[in-house]
Amino acid sequence: QAINGDDGEQLGDDDSGRGYNCWIRRTMEAGETVIVGVRHFSAEAGTGIYTFVAKDLRDDHGDDAANATPITVDAAISGEIAVPGDVDVFSFVAATGALMEFGTEAPMDPICELRSADGQELLGENDDIDGQAGNYNCLIPFEVEAETTYTFWVRHYERNVAQPGNTGLYEAFVRLGG
């Protein structure tokens, strides 16, 4: 529940995780040592089992059009929405005009947007392929123009940064439609 620096100074204390869990997000300096303490909320309540996870949250893909990760036809690129509010952006250059599909395969609930090369113009978006059937992946069919760059944006459906469970792994793809 608390995180302390080398000198014992308390750097963080948080109980805002999902359910009764704690969740502390901290940018670390190279070589920095921290001490993490975990205890039950109520000292009189007894004991329990828990899992401690320390995770590197460096972003795997760019968060805007200028830093987009290139993706090609029939390539699947793994990604992770590592923290609530994270967005991963991919760039695709259409060689020829054709109906293409931009989408995800994921155990999480992604929402996707297809945008212009600079990310300013929204060209298409999709939340669920079929939410009634439990398919929460996204799929955007779009007629691309030859020699044109598009950006494909992937994020978790719920962007609440105060809710740490809004994360997950996915694969982004671009394929020939039809």
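Annotations
- Residues of the stretch 71-100 that turn out to be in contact with a Ser or Thr (Cβ under 9 Å, 6 or more places away or on another chain) and open to solvent by 20 Å² or more (accessible area, probe 1.4 Å), as a count: 5
- Checking Ile129 against (1) surrounded by 15 or more Cβ atoms within 10 Å (Cβ to Cβ); (2) without any contact (Cβ under 8 Å) to a residue 40 or more places away in the chain, the condition it does not meet: (1)
- Leading residue by the ranking (most open to solvent (accessible area, probe 1.4 Å)) among those in the stretch 135-165 that are assigned to a loop (DSSP other than H, G, I, E, B) and at pLDDT 85 or above: Glu147
- Set Gly103, Gly119: member being open to solvent by less than 20 Å² (accessible area, probe 1.4 Å) and touching a helix residue (DSSP H, G or I) at 6+ places or on another chain (Cβ under 9 Å): Gly119
- Any chance Arg115 is farther than 29 Å from Asn21 by Cα, among the basic types (Lys, Arg) and either part of a strand (DSSP E or B) or within 14 Å of the chain's Cα centre (by Cα) (or both): yes
The values are calculated or read from the model by the stated rules, or taken from the named source; none is laboratory data. As the structure is a prediction and not an experimental result, all values here were calculated from the model. Note: ideal-geometry Cβ built from the backbone for every residue, glycine included; neighbour counts use all protein chains shown. The protein model used for the area step is the full one, side chains on, heavy atoms only, and it has no ligands, DNA or RNA in it. Shrake-Rupley method; radii C 1.70, N 1.55, O 1.52, S 1.80 Å.
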